[in-house]
């Protein structure tokens, strides 16, 4: 058997097969994702531009770091508004908050559903932040799209292909979280579903994978996806250190590492009173800790050429090692 | 911190806490699944009884082995009828066949959908076999339920909680495949979703988990789930060696091992011409190989006290080691 | 790039490369193990014949099932003799018992070392059983070889290449346990180290691999290695359900499954009083439970054509599905 | 069953057991590592001070970043001297280079052994760099210790307890690589072996763990160990992005991320001509690429308060988020 790998269009498999009767088969091996591939855009990173009340926000390799923050679930009006105000004041651009929550147990809090969407709309109006929230069920898609600026597909639904196919013409970008044990290729194939359905705006979010050791971290954050994805796809990248580690005290150093590795955006879980959170309390930063962290995030992003205020840092060539150097 | 594990109802946590001021907290630790737990039925295994044209078929620990066989996907009338005839002739009770296929790639064959359901109905009528087919989308549920005797939830949808919640009153048993990297507890919690929604008939199907080595098998078949599930749940168990190994030549020995370990049922992939199958060819047995295997399966099942024709084998005490002995 | 896979000796890579300037490289891809490969013996399984006081015992695909049993560690004379008597009486051929124990903690019991070897020699003399014990350190090799009929290399030392190289001319067979996360190929390469060093007698022992779920089993027993190894290597196979599951109540059904899948031998942990064992108590069967299990093991082995007393069972063609049928 | 977790010395388990006959057992649960624990040093990080010809180098949380670089194996005098000169010129403090190589295959290059040690001594003399090289066999320990300034225990020998016990009085620090699928706790327990044997100088090196996806990276770099280890142990930390990723183009961004996450040192593989390397070529940086990377490493380390020239950067409080903030 002979496998043709790489740019093999000019090769004639039959010609190769004729060399010897010992050759049973000649096969072309190609990447299974096409629209998601870097080649599809001739090596150019794509930009996902989101219109928020506060203005356009662009996710992309040549743009400032974007930060998304908020609670695991929208619990009530006070908590979401209080959180949104601090998220806004800290300089983040998006508020995340779950209305529909995928929970292992049917007896656990499942999210407040539509009423939570209403509270997110309220928070959006109050702060001008863009809204990112998860859809789990095609039946809720219209309601979610009506409120969300970016629609999230959670890790457990990364291969819910029926749902992915329905995201083609929603007119909103999709944040696609990596499945708990999804290979990079499967993840990109799921992005391909959305792209093939007609929606060009997909952001890939790493949130930790499942490994043999879950004693000290909930999942294992795989930061090497950043340079790997850069070599495979044009799509923007987000890192979620909160779900990856499952512990708020591990979030700051992993956020810093993610920026250093070249992420385009961060998703961070915050809650006014983590100890009383209805879900994911242990991984949520308090509001003051988040504010503290954002000061560092800004400084670090600026250092790595991904700072918010133009002009970008000049000390280092812009995002040199994390992207061009690393990949070329 | 003190954790109370086991039957701790008679213990008063406050009393324990008063022993010393050094004790910060006393917590009860319980199994998170209730309706799925063995205790819920006071240690009695449950039976899932399915009405097929050929008569009632019972899945359960105290019943003969049930076999499900068929192609990955329903490709056309000829192939599904030919397959169904052989499946029936070989002594299996159910025909499996995909109408809706979860495929990693949007460009891969996605199943023939509703027309395939029609062909399954045809095969059911022609052979009297029960039908097991997968539903991926709530929108297709009514159509699937109209044809299927058992509705399958695939590995990728094991934590599609929106879908699970809709299975409560469909009036058909559910075959719940284990997710690719789902823990046993998560799997039982997903069963709990279905039970809590009102459907008491759930069969658990192991189909291999994802590990570090996928060179010689597609997944790693975890047969130890059989005795583990026996100690945790009353629900019947199915083993799918075809998806687990991904290679037809590994199926026979794993089917034998599954019976020896005490499985209640088997799911085996067969295809008239595996080399031309639209999906999962390498793991499909040819029809003659399946017939050959079924002769062995019958002999082995009989030896282990799970043979079809009553009275059961008497040489060994019925399912002794695999269940009672192993667990008590 | 072009990879040549399979029997490619007659192909000239340069000739292929000349077809087009677009071909950068032409590579032969071969199995990395040679002496361990099935081809090395032209498809014939090898036999490992061990001389014990009770006579020759042969490990191999065309031979009766061999059983090895004993405690995790040799604790004192009484317990090892008592255990050995029951192991012998139950029909097993080998006594296992640790003199040198690899323990995660430096503070845990490390085995009684040389004095334990003396007790194993005593038990050998008293019962005629062959002895299998582990060597961890080249410095102890001579002492271990002096007592052991089969020298065990534990999972943690599977890639201790320095040690493997020293096993070439010890004149005793080697039992090579699979590493906790060793691929099948790495395992066979470690066997190749021993074979290449000059020792033709290697038995491969699966003892469970590390996966994401260790709540209900210590490791995940990978029984599919049996048919996979049959297709790759001529070496005999042993299955250790005790270490794999870590729970004595799971051992019987996994032992039965292993026989059904075609294993050549079993290793089972037993202890006179598991609750008081210095190591691995939870996975040790009591002596009566072991005797009970051996009755079933014998019956099952006989059924599958691997029973001790000749003539073999005639109901089924000898080891049909588990080996020839499964692999060819 | 009742488990006592935390500081439970003042609790009397028997007293608790007497509360009710329903309590079968009361157990104390403690961290299994003691000398390696952060508590052992009352929360103070330890320092590993190494004397090199160029002066003392200190590994530790409150010290500048230390860099170790060199080829996988010492191939000949020219290549090791050329590499050492560039490593020195780039500002690294240690030269790594394998004399004894653990290789999966017995037919692969196993290192030049003692003659390679001689070449390392030569390189040490020529450049003043400290030497780090691996020992695989206790028989080679004296020879390795005679040349090495830090003795490396490789991932495959992390649980070679016989070898670990012999490192107590060698008078040289030990670099302990994490096993391929070692939990953090097992890793610390292996460090405990060395500490308990009498050697207080242990550096922990993360080099990637084995997961389900090895298509685009050789292993999965687990950077979250940095803040986790900070909360558990006083020992210094090293990150090896070369072995973790297996691809030189992924090294720069992972090195940056490691510094951002708070590592104390880096190990990076370099080779004059990676394409011709006898081992691990694909993960080795060329000498010019390494020089380029070191410029960035220095800038980044300085930014994070871990720069070589005192005084440290003042823009940010010293190692604030990565350690104190993250952990307290």
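The values are calculated or read from the model by the stated rules, or taken from the named source; none is laboratory data. The structure presented is a predicted model; accordingly, all values stated were derived computationally and were not measured. Here Cβ is always computed from backbone atoms with ideal geometry, including for glycine, and neighbour counts include all displayed protein chains.
For the condition closer than 25 Å to residue A:187 by Cβ and free of Cβ contacts under 8 Å to residues at least 40 places away in the same chain, residue A:263 does not qualify. Could you go through the range A:249-257 and let me know if any residue there is away from chain D (no Cβ under 13 Å) and within 17 Å of residue A:94 (Cα to Cα). No, the conditions are met nowhere in the range A:249-257. Taken together, C:82, C:75 contain a single residue that is at pLDDT 95 or above, in a helix (DSSP H, G or I) and under 15 Å from residue C:274 (Cβ atoms), which is C:82. Taking the numbered list (1) under 30 Å from residue C:181 (Cα atoms); (2) away from chain A (no Cβ under 14 Å); (3) free of Cβ contacts under 8 Å to residues at least 40 places away in the same chain in turn, residue B:169 passes all entries but (1).
If the condition is being at pLDDT 95 or above and either touching a strand residue (DSSP E or B) at 6+ places or on another chain (Cβ under 6 Å) or more than 10 Å from every other protein chain (Cβ to nearest Cβ) (or both), then the range A:26-37 contributes A:36, A:37. Considering the range D:207-279, the qualifying helices (runs of 4 or more DSSP H), each wholly inside and each with 2 or more residues that are in contact with a helix residue (DSSP H, G or I) (Cβ under 7 Å, 6 or more places away or on another chain) and within 17 Å of residue D:176 (Cα to Cα), run over D:225-232, D:241-245.
Is it true that residue C:313 is at pLDDT 95 or above and either outside any helix (DSSP H, G or I) or within 12 Å of chain B (Cβ to nearest Cβ) (or both)? For residue C:313, the condition - at pLDDT 95 or above and either outside any helix (DSSP H, G or I) or within 12 Å of chain B (Cβ to nearest Cβ) (or both) - is not met. If you check residue A:303 against the conditions, is it surrounded by fewer than 24 Cβ atoms within 10 Å (Cβ to Cβ) and at pLDDT 95 or above? For residue A:303, the condition - surrounded by fewer than 24 Cβ atoms within 10 Å (Cβ to Cβ) and at pLDDT 95 or above - is met.
So which residues in the range D:181-191 are within 19 Å of residue D:162 (Cβ to Cβ), in contact with a helix residue (DSSP H, G or I) (Cβ under 8 Å, 6 or more places away or on another chain) and either facing another protein chain (nearest Cβ under 7 Å) or in a loop (DSSP other than H, G, I, E, B) (or both)? Of everything in the range D:181-191, just one residue is within 19 Å of residue D:162 (Cβ to Cβ), in contact with a helix residue (DSSP H, G or I) (Cβ under 8 Å, 6 or more places away or on another chain) and either facing another protein chain (nearest Cβ under 7 Å) or in a loop (DSSP other than H, G, I, E, B) (or both), namely D:182.
When each of C:288, C:274, C:282, C:241 is tested for being within 22 Å of residue B:300 (Cβ to Cβ) and either crowded, with 24+ Cβ neighbours inside 10 Å or free of Cβ contacts under 8 Å to residues at least 60 places away in the same chain (or both), the lone residue that passes is C:241. Selection over the range A:48-60 of residues that are assigned to a loop (DSSP other than H, G, I, E, B) and over 13 Å from the mean Cα position of the chain (by Cα) gives a count of 2. The lone criterion from (1) over 23 Å from residue D:239 (Cβ atoms); (2) surrounded by fewer than 24 Cβ atoms within 10 Å (Cβ to Cβ); (3) touching a helix residue (DSSP H, G or I) at 6+ places or on another chain (Cβ under 9 Å) left unmet by residue D:172 is number (1). Contact annotation: no residue pair with Cβ atoms under 8 Å, 6 or more positions apart or on different chains, pairs a residue in the range D:40-61 that is farther than 15 Å from residue D:263 by Cβ and assigned by TED's automatic domain parsing to the domain that holds residue D:188 with a partner that is modelled with pLDDT under 95 and assigned to a strand (DSSP E or B). Residue A:131 fulfils the conditions (1) crowded, with 20+ Cβ neighbours inside 10 Å; (2) within 14 Å of chain B (Cβ to nearest Cβ); (3) closer than 25 Å to residue A:278 by Cβ except for a single criterion, (2).
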